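Peer 1: Input: one structure, supplied below.
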Amino acid sequence: MSQPPVAPPLPTVAGPGLAARAVDLVREYGTGSSRVRALDGLSVDLVERRFTAVMGASGSGKSTFLHCLAGLDRATSGQMLLGGTDLGALDDAALTAIRRDRLGFVFQDGNLLPHLTAGENIDLAASLAGRRADRAWRRELVERLGVADRLRHLPSQLSGGQRQRVAVVRALLGRPDLVVADEPTGALDSEAGAALLALLRACVDEFGQTVVMVTHDPSAAAVTDEVVLLRDGRAAGRVDRPTRRTVLERLGELAAPAGVGA
Amino acid sequence: MIVARTALRSVLRRPRQALLVGVAITAATAFAAVALLVAANARVALVAFGMVTPPAADVVVVPRGDVAQGAALEVAEGVRALPGVVDVAVEHLGDVEVEAGGVTTTWKLTSDPGGGPLSALRDAPDVGPLEPGGIVLGRRTAERVGVDVGDTVVAGGHELVVAGVGPVREFGQDVGLVHPSDAVAIGGMPPVQMFVVGDVDLAAVRAVAGDAAVTSGPEQRDREARSVGDTLAGVLGGLSVFVALAVVSAVVIVSSTFRIVLARRAAELALLRCVGATGRQVHRSVLAEAACVGLLGGLVGTGAGLGVAAGLVAAARAADLVSAPFVAAPGGLVACVALSVVATVAAALPSARAAGRTAPVVALGAARSSDARPVRVGARLVAAGALTLTAVATGAVAVPVARTDQLTGLALAALSGTLVFAVLVAVGPFLVRWAARAVRPLAARSAALRLAVSNAHRSSRRTAAMTTVLTLGVGLAAALLVAVAGVTADARESVVRTFGADALIPVDVVADPDALVAALAAHPAVDARVVGTDILLDPAPGTDPAALRDAVLDTVPAGTSVYWAGDVLAGIEQTVAVGQLVGAAMIGVTLVVAMVGVVVTLALSVAERRQEIALVRALGVSRAGARRSVAAEAGLASAVGATLGVVLGGAYGVLALRVLDMPAGQPPLVRLALLGAGVVGAAVLAAAVPMRSAGRVEPAIGLAAR
Ligand SMILES: Nc1ncnc2c1ncn2[C@@H]1O[C@H](COP(=O)(O)OP(=O)(O)OP(=O)(O)O)[C@@H](O)[C@H]1O
Ligand SMILES: [Mg+2]
C-alpha cells in the first residue's frame with residue numbers, strides 16, 4: 001500500500017495574520033434554466049487564531065462557502081486561498097492531503113462511518129494516512145467531550161449528541177490548523193451545545209487553531225470573536241466581538257428590506 | 001490495511017446484503033464446481049467404458065461390417081494356426097431375450113473365454129470357472145432378477161446354469177458372460193472382435209484375416225485411451241462454455257448490484273474522502289469488499305456444488321454408471337473459489353472506479369442518486385452499431401464458410417452471438433427506456449403501474465442488467481428449441497431417405513438372399529423385395545407394422561441382422577431428447593442466475609426506495625398497489641428480455657442449423673411462445689419476496705427524516 005502524499009506546511013501568506021481568504025468566489029449548481037448561484041462573488045478574510053461565525057438566511061450560501069473553504073468542493077470561479085495555497089489550483093491528491101492533514105470538520109449530523117466503532121471513526125484520518133494518533137491528546141479530547149466509555153460502540157448505538165461529539169474528537173485529533181463546523185450544535189441540547197462551544201473556544205485560546213463555524217443561533221455566535229454575514233451568496237458585513245443582541249440586530253437589518261444595502 | 005479492514009467490516013456488518021450481492025456469483029460458482037466434479041468423476045467411468053482391450057492382447061482383429069458367424073470363426077481358426085500364437089479369443093456380443101426367475105427381459109450378453117489372460121474374470125479367481133453351459137452374471141443383474149449361483153436361466157432357448165456372480169461391467173443394464181461356444185449356439189450374438197495373445201507377425205495375421213482390420217494390442221489400447229481423452233476434452237469443453245455463460249451472467253448481475261449498493265452508500269464513501277482518503281484508497285476499499293463478497297460467495301457456492309456433485313455421483317453409482325470412489329478434486333475446487341473472487345472483483349471494477357471519483361461533498365447530502373447519472377449515449381450507440389454490423393457480417397459468412405469447414409462456421413456463428421450479447425450490454429439501458437416509453441400509455445390508468453414504468457425508466461441501468469441476462473438465458477433456450485426441432489426433422493427425413501421401407505436386411509449378411517426373399521414374400525403380412533444391396537421389407541397392404549415385425553422374426557434365421565426404420569428413428573430421437581435435456585439443464589443454470597438477478601435487483605431497489613414507497617403509500621397508494629408496482633417492474637423487465645431472447649435465440653438457432661446444413665423447417669412457434677410466457681411468469685413469481693417487502697413499507701416512515 002503506497003503512502004498517500006503528505007501535505008506541505010501552509011505558508012501564511014493569505015495576508016498578514018490571515019488563515020484563509022476568499023476572492024470573488026462563485027459557485028454555481030446545475031445548468032441551463034435550473035442554474036443556481038449559491039456563491040455570487042463572495043470575498044471574505046478569515047483571521048488566524050480566531051473563532052469566526054458565519055451567519056445568514058437559509059440558502060444564503062453558508063454551507064457552500066464552508067465546503068469550498070474545506071476543500072470539499074471546488075468553486076466555479078474566483079480564488080479560495082488557504083494560507084498561501086489556491087485550493088482551486090491543486091489536484092485531487094494534494095487537496096486530499098490538505099484535508100487529511102490540515103483541516104478538521106464537524107457537520108450537522110455527525111457523519112460517522114456506520115460500520116466502524118466510535119474509536120475507529122476517531123482514528124480514521126490517522127489510519128488512512130498510515131500514522132498513529134497522538135495517544136495522550138486523544139485521551140484528553142475523549143475525556144473532555146465525555147465519550148471515553150463509548151469508544152467501542154457503533155454509531156447506531158450512540159445518541160445524536162454523542163455522535164456529534166465523536167465527530168468533534170475526530171476533527172480535532174490531528175491538531176488541524178483550521179477547524180470548520182457547519183451547525184455543529186444543531187442536534188445538541190443546550191448543555192452539550194455549550195460544552196462543544198467551549199471546546200471550540202479552547203481550540204483557539206489554548207491551542208492556537210483557527211475555527212470557522214456556521215450557525216443560526218445568536219447565543220452560539222456570541223461565543224465567537226467575529227461574525228461574517230452572508231446574503232444571496234455575497235458578503236454582507238461583519239460583527240466584531242458579537243453579543244447576542246448585536247447579532248440579532250444585524251440579522252434583522254439583513255432580512256428586512258430586500259435588495260437594499262447589497 | 002485500514003482499507004481492507006473497512007471493507008471486511010462493511011461485509012461482516014451486513015452479511016445479508018453481501019450474500020444478496022454475491023448470490024448470482026454463488027450460483028455460477030456452484031455450477032462450475034458441479035461441472036468440474038462431474039467431469040472428474042465421469043473420467044473414471046469413461047475409462048472403464050472405453051478401455052476394453054485386455055492388457056494381455058497382443059493383436060486385435062476387428063471384422064469389417066456384418067460378417068457371417070462362420071466366416072469369423074474360420075478367421076479365428078486360421079489365426080490360431082499361425083506360428084507364435086498362444087491364445088485367441090473371439091468376442092461375441094448381442095442383445096438376447098433371457099428368462100430368469102420367471103421373467104423374460106433383454107440382456108446384453110458377451111462371450112468370454114472363461115479363463116486365461118483374455119478373460120474378464122482373470123482378476124476374480126473366486127468367480128467361475130465359466131464353462132460351456134454356464135453363465136456369469138453381473139452383481140446388480142443377479143440382485144435385480146433374484147438368481148444366484150446354481151440357478152438356471154434360459155437364454156435364446158438355451159438353458160444356462162449360473163456359474164458365478166462377479167466383475168462384469170454393467171452400466172445399468174442386465175448383463176451376463178457366456179462361453180463362446182454357447183454364444184454361437186444362442187445366436188443373435190455376432191462376433192465383434194478377436195483378441196490374440198502371442199509373439200505373432202501382424203502381416204501374417206492380416207494375410208489370414210481377409211478384409212478385417214488388424215491392429216497391435218498396444219496401438220489399439222493407445223487409440224482407446226486417445227478416444228477417451230477426446231471424449232473427455234469434448235465434455236469439459238462443452239461444460240466450460242456453459243460455465244462461462246453462467247459466470248458472465250453473474251458478472252453482469254453482480255456488477256449491477258454493486259452499483260446499487262454503492263449508490264446507497266455514496267455518502268459513506270464520500271465521508272472517507274472528507275477525512276482524507278485518496279480516491280485510490282476508496283477505489284481499493286470497494287475492490288477489497290468485492291473480493292470479500294466473492295470469497296464468501298465462492299465458498300458457499302463451491303460447498304453447495306460439492307454437495308450436489310456428491311449427490312449426482314451417488315445417484316450414478318446407484319444406477320451402476322460409476323463404481324470408483326468419489327473424486328473430490330481439491331485443486332479444482334480452490335480454482336472455483338478463485339474464479340468467484342476474480343469474477344466478483346471484475347464485476348465491481350466499474351463501480352469501484354466511480355466510487356474513487358466520488359466528490360467529498362456527497363457525504364454532506366449534496367449529491368443525488370448515482371444511478372440517474374447520464375450514460376454517454378452517443379459513444380455507446382456508435383460502439384453498438386459497429387458491433388451489430390460486425391455480428392451480422394460474421395453470422396452471414398458463417399454459412400458459406402461452414403460448407404468447407406463446419407467447425408469454423410460454428411465458431412463464427414458463436415462469435416456473432418457473443419457480439420450481439422455485447423451489443424445488448426451496451427444498449428440495454430436505452431432498450432429499457434424505449435420499452436418503458438412504449439408501454440407508458442398502457443399504464444396511464446393505474447398509479448402502481450405508472451410508478452413501475454417510471455422506475456424502470458429512471459433506473460434503466462439496473463433494469464437493463466436484469467433484462468440482458470434474461471435475454472441471454474431465454475436466447476440460449478430458444479436456440480436450443482429451434483435446433484432440436486430442426487435436428488429431429490432432419491433425422492426423420494434422412495431415415496426415410498436411407499431406408500425407403502419399414503425395415504431392411506443387407507443382402508451380404510444372408511447366405512441365400514433369393515430364398516429368404518421368397519420365404520418372406522410368401523408370408524401374407526410381408527411385402528419383400530430386393531433393391532440394390534438390401535432386402536426391403538414393408539407391411540403388406542392392410543396389415544400393420546407390428547404384424548410385419550412378428551412375421552419377419554418368425555421367418556428369418558436366428559442371428560440375422562434386421563434393421564428397423566422405427567427403431568433407428570426412436571434411437572435418434574432418444575439421443576436428441578437426452579441432448580435436449582442436458583442442454584436444458586446447462587442453460588437452466590443461466591436462467592437461474594437471471595432469475596436470481598431479478599430477485600436481487602428488485603429487493604435492493606425496494607430497500608433503496610422505501611422512503612419513496614412510503615411517501616406514495618401516504619399519498620394514497622394501497623398496499624396491494626405497492627406490491628403490484630414491483631410485480632409490474634419484474635414483468636416489464638422480463639417481457640423485454642423474453643421477447644429479445646426468443647427473437648434473437650430463434651434466429652441463432654436457425655443460423656446454427658444452416659451452418660450444420662440442416663433444413664430449418666417450421667420453427668416450434670408454440671414452444672417458443674410458451675418459453676417466453678413461462679419466463680415472464682417465473683420472473684413475476686420470483687418477485688414475490690421483494691413484493692412482500694414493498695407491501696410491508698409503512699406510510700409513516702415516508703414522513704420521517706433520513
Ligand atoms: N447540490 C446542489 N445542487 C443544486 N443547488 C444547490 C446544491 N447545494 C446547494 N444548492 C443551492 O445553493 C444555495 C445555497 O445553499 P447552501 O446550502 O449553501 O445554503 P445555506 O446558507 O447553508 O442554507 P441553510 O442555512 O439552510 O443550511 C441554495 O439556494 C441551494 O438551493
Ligand atoms: Mg447549510
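Where a number appears in this text, it was derived from the coordinates with a stated rule and is not lab data. Computed from a predicted structure; not experimentally measured. Every residue, glycine among them, receives a Cβ derived from its backbone with ideal geometry; neighbour counts consider all protein chains shown.
Peer 1: Which residues' amide hydrogens lie under 5 Å from the amide hydrogen of A:Val214, considering only partners 5 or more residues apart or on another chain, with H built in the peptide plane?
Peer 2: Under 5 Å from the amide H of A:Val214: A:Val54, A:Ala181, A:Asp182, A:Glu183.
Peer 1: Here's a follow-up. Using only C-alpha positions, report the orientation-averaged shadow area of the convex hull of segment B:274-334, nm², one decimal.
Peer 2: Projected over every direction and averaged, the Cα hull of segment B:274-334 covers 5.4 nm².
Peer 1: Among residues other than B:Ser256 whose Cβ falls under 9 Å from its Cβ, what is the net charge (Lys/Arg +1, Asp/Glu -1)?
Peer 2: +3
Peer 1: Please compute, for peptide A:82-93, the average count of beta-carbon atoms on other protein chains lying within 10 Å of each residue's beta-carbon.
Peer 2: 1
Peer 1: Of A:Val36, A:Ser219, A:Gly71, whose Cα points farthest to the positive end of the dipole of chain A (charges on the beta-carbon: +1 Lys, Arg; -1 Asp, Glu; origin at the Cα centre)?
Peer 2: Of the candidates, A:Gly71 comes out farthest on the positive side.
Peer 1: HN-Hα J couplings of segment A:173-182 from phi, Karplus 6.51/-1.76/1.60, θ = phi - 60°, integer Hz, Gly and Pro as x?
Peer 2: Per-residue couplings from phi come out as 4, x, 6, x, 5, 10, 10, 10, 9, 9 Hz.
Peer 1: Could you work out the longest stretch of chain A that avoids the trypsin sites (Lys or Arg not before Pro) located in DSSP loops with at most 14 other Cβ atoms within 10 Å?
Peer 2: Looking at chain A, A:153-262 is the longest stretch - no exposed trypsin sites (Lys or Arg not before Pro) with at most 14 other Cβ atoms within 10 Å.
Peer 1: Which value in Å does the Kirkwood hydrodynamic radius of the protein assembly as shown take, with 1/r averaged over all unlike C-alpha pairs and then inverted?
Peer 2: 35.0 Å
Peer 1: Out of the DSSP beta bridges found with both residues in the protein assembly as shown, what percent are antiparallel (nearest 5)?
Peer 2: Roughly 70 percent of the beta bridges in the protein assembly as shown run antiparallel, per DSSP.
Peer 1: Something else now. Rank these for me by crowding, B:Val392, B:Val145, going from fewest to most other beta carbons within 10 Å.
Peer 2: So the ranking, lowest neighbour count to highest, is B:Val392, B:Val145.
Peer 1: Something else now. Cα-based Rg of segment B:511-559 per 2.2 N^0.38 Å, rounded to two decimals?
Peer 2: Working: Rg = 10.2 Å, N = 49, 2.2 N^0.38 = 9.7 Å.
After normalising by residue count via 2.2 N^0.38 Å, the value is 1.06.
Peer 1: Mean residue ellipticity at 222 nm from the helices of chain B, using -39,500 (n - 2.57) per DSSP H segment of n ≥ 4 over the full residue count, to the nearest 500 deg cm²/dmol?
Peer 2: Using -39500 (n - 2.57) per qualifying helix, the result is -22500 deg cm²/dmol.
Peer 1: Starting from the Kirkwood Rh over alpha-carbon pairs, what translational D in µm² s⁻¹ does segment B:1-112 have by Stokes-Einstein at 20 °C and 1.002 mPa s?
Peer 2: Calculated translational D: 102 µm²/s.
Peer 1: While we're here: How high is the FRET efficiency from B:Leu674 to B:Ala324, r the C-beta distance, R0 41 Å, rounded to 0.05?
Peer 2: 0.50
Peer 1: Only four residue types carry charge here, +1 at the Cβ of Lys and Arg and -1 at the Cβ of Asp and Glu. Report the dipole size of the protein assembly as shown about the Cα centre in Debye, rounded to the nearest 20.
Peer 2: Values: 86 positive and 82 negative charges, 1683 e Å.
The dipole magnitude comes to about 8080 debye.
Peer 1: Taking a cut-off of 31 Å, what percent of all Cα-Cα pairs in segment A:18-255 are separated by more than that?
Peer 2: Percentage above 31 Å: 21.
Peer 1: Within a 10 angstrom radius of each residue's Cβ in B:356-362, how many Cβ atoms of other chains show up on average? Whole number is fine.
Peer 2: Averaged over the peptide's residues, the number is 4.
Peer 1: How do B:Glu99, B:Glu219 rank when sorted from fewest to most other Cβ atoms within 10 Å of their own Cβ?
Peer 2: Details: B:Glu99 16, B:Glu219 13.
Taking fewest neighbouring Cβ atoms as first place, the list is B:Glu219, B:Glu99.
Peer 1: For the ranges B:244-251, A:183-190, B:108-115, what's the packing order if you count other beta-carbon atoms within 10 Å of each residue, average per peptide, and put the highest first?
Peer 2: B:244-251, B:108-115, A:183-190
Peer 1: To continue, here is another question. Report ³J(HN,Hα) in whole Hz for each residue of segment B:136-142, in order, from the Karplus equation J = 6.51 cos²θ - 1.76 cosθ + 1.60 where θ = phi - 60°; Gly and Pro get x.
Peer 2: 10, 9, x, 4, 5, 4, 4
Peer 1: Skipping prolines and chain starts, which residues have an amide H placed within reach, meaning under 5 Å, of the one on B:Gln193, given they are 5 or more residues away or on another chain?
Peer 2: Long-range HN contacts for B:Gln193: B:Glu91.
Peer 1: In what order do B:Leu472, A:Leu248, B:Leu636 fall by count of nearby beta-carbon atoms within 10 Å, going from fewest to most?
Peer 2: With the sparsest Cβ surroundings first, the list reads A:Leu248, B:Leu636, B:Leu472.
Peer 1: With viscosity set to 0.890 mPa s and temperature to 25 °C, compute the Stokes-Einstein D of chain B, Rh being the Kirkwood radius across alpha carbon pairs; µm²/s, no decimals.
Peer 2: 81 µm²/s
Peer 1: Around A:Asp205, under 12 Å between beta carbons, what's the net of Lys plus Arg minus Asp minus Glu among the other residues?
Peer 2: With Lys, Arg at +1 and Asp, Glu at -1, the neighbours total +1.
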